[in-house]
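These notes concern the structure reproduced below.
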Amino acid sequence: MSKAFRTASSAGAVGLLLSGAAMAASPTGSFDAWAVTGGTITTTEACPTGFTCSTAITGEGFFQRQITETSSGNDFFQTIITDKAASGDPGALAFSDESYVRTGNVGGLANKQQMQELTNTGTLTETFEGSTELGTGWANDGANDVTQIYQGIIADDTAEGAEDFDAKFWLRQLGNQGAAGKLMRISSQVDIQEATGTEGAGTQSFVLVDLIGAENPASGSASLGDGESVSWQAEDRVKAIWIGQDMSAIDGVGQEFGFTAYENLTTPALVNAFSLSGGSAVEPIDWDTTVWGSASAADAGPF
């Protein structure tokens, strides 16, 4: 399957995180319970309790079976598609698409699409990865439709004097256009590895997190240590920004700075701080990982 088709189909699926709530339910309650070897797809779980499963129809990079709920008689079709001759697990393949549809003209879809492309040139590994998950209609999380999108672009060079790059995007929406809750995170990190021979001699980081509704489940506050603080209630729309630069290990520079900001957009309030130092790494001020996730732009992967 060509890269162009994979990219177009992934974007078209949604019109186009971090850990969190479970994705919308399929008849099995989860995706990715399968593997492929030489294009032959096999499931890695027995037929779910309370369901009966038909004999699968298979082909190169194709798997489909009917799943019937014993108590209700509702029928679902599970379909898995990947590249011909592919081998590996979901998430580590160039492309895969798994979906559940319910028969009987019932609205709803459970779908997960993933893609990953690696390019190796000497000491440089370039990665493009992305995934989308949809749960609508019968396949929602019990209260809301769910949409999740992740995309990552990574360049990792192990050579001395080289520069690494990491840029990632996450979006989760609950309900119609995020009416019940939304999480958005954008992060990037550049490791500047100058001729000192020290990997990571200089680092520039950026993280933005925006939460609202069910994705902000608890009240809280943040303080900048100078008497300024901002607080919020559960389900308020809140935002945090972290920008940092550490050049302390680069000869002739030795500079560090950090910028931290917190904002309550529901009850307008904003605090921010800018700091300079020389000799110790600058970190975001009062950054709560249970609210905002990791402050490292490079840590988090797909949902």
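The values are calculated or read from the model by the stated rules, or taken from the named source; none is laboratory data. These figures come from a predicted structure and were not determined experimentally. Heads up, the Cβs are rebuilt from the backbone with ideal geometry, glycines too, and the neighbour counts pull from every protein chain shown.
For the range 66-88, check the following and say yes or no: at least one residue is under 26 Å from Asp299 (Cβ atoms), of a type in the set (Gly, Ala, Ser) and part of a strand (DSSP E or B). The answer is yes; a qualifying residue exists. Among residues of the range 245-260 that are more than 9 Å from Gly202 (Cα to Cα) and outside any loop (DSSP other than H, G, I, E, B), those with a Cβ under 8 angstrom from a residue that is of a type in the set (Asp, Glu) and at pLDDT 65 or above, sequence gap 6+ or separate chain, pair up as Glu256/Asp246; Gly258/Glu283; Thr260/Asp286. Looking only at residues of the range 145-164 that are under 20 Å from the mean Cα position of the chain (by Cα) and of a type in the set (Ser, Thr, Tyr), we find that the one that is modelled with the lowest pLDDT is Thr147. The residues of the range 57-83 that are crowded, with 16+ Cβ neighbours inside 10 Å and among the small types (Gly, Ala, Ser) amount to a single one, Gly61. Candidates are the residues of the range 121-144 that are under 22 Å from Thr79 (Cα atoms) and of a type in the set (Val, Ile, Thr); the one that is nearest to the chain's Cα centre (by Cα) is Thr132. The single condition among (1) in a loop (DSSP other than H, G, I, E, B); (2) polar (S, T, N, Q); (3) on the phi < 0 side of the Ramachandran plot that Thr42 does not meet is (1). If only residues of the range 121-160 that are in contact with a strand residue (DSSP E or B) (Cβ under 7 Å, 6 or more places away or on another chain), among the polar types (S, T, N, Q) and assigned to a strand (DSSP E or B) are counted, the one that is farthest from Gln173 (Cα to Cα) is Thr125. A residue that is surrounded by fewer than 18 Cβ atoms within 10 Å (Cβ to Cβ), modelled with pLDDT under 85 and within 30 Å of Pro284 (Cβ to Cβ) cannot be found anywhere in the range 136-144. When you look at Phe63, is it of a type in the set (Phe, Trp, Tyr), touching an Asp or Glu at 6+ places or on another chain (Cβ under 8 Å) and within 28 Å of Gly301 (Cβ to Cβ), yes or no? No; evaluated as a whole, the condition is false for this residue. Return yes when Thr132 is exposed (fewer than 15 other Cβ atoms within 10 Å of the Cβ), at negative phi, modelled with pLDDT of 90 or more and not acidic (Asp, Glu) and no when it is not. Answer is no for this residue. Against the numbered list (1) within 17 Å of the chain's Cα centre (by Cα); (2) part of a strand (DSSP E or B); (3) under 29 Å from Asp157 (Cβ atoms), Leu118 comes up short only at (1).
As for the range 218-238, it holds no residue that is modelled with pLDDT of 75 or more, closer than 25 Å to Gln189 by Cα, part of a loop (DSSP other than H, G, I, E, B) and acidic (Asp, Glu).
Which residues, taken from the range 33-52, are surrounded by 15 or more Cβ atoms within 10 Å (Cβ to Cβ) and closer than 24 Å to Ser87 by Cβ?
Ala33, Trp34, Ala35, Val36, Gly39, Thr40, Ile41, Thr43, listed by residue number.
Within the range 64-103, which residues are farther than 13 Å from Phe31 by Cβ and among the aromatic types (Phe, Trp, Tyr)? Across the range 64-103, the qualifying residues are Phe76, Phe77, Phe95.
Exactly one residue out of Ala297, Ala281, Ala201 is surrounded by 15 or more Cβ atoms within 10 Å (Cβ to Cβ), modelled with pLDDT under 85 and out of contact with any Lys or Arg (no Cβ under 9 Å at 6 or more places or on another chain), and it is Ala201.
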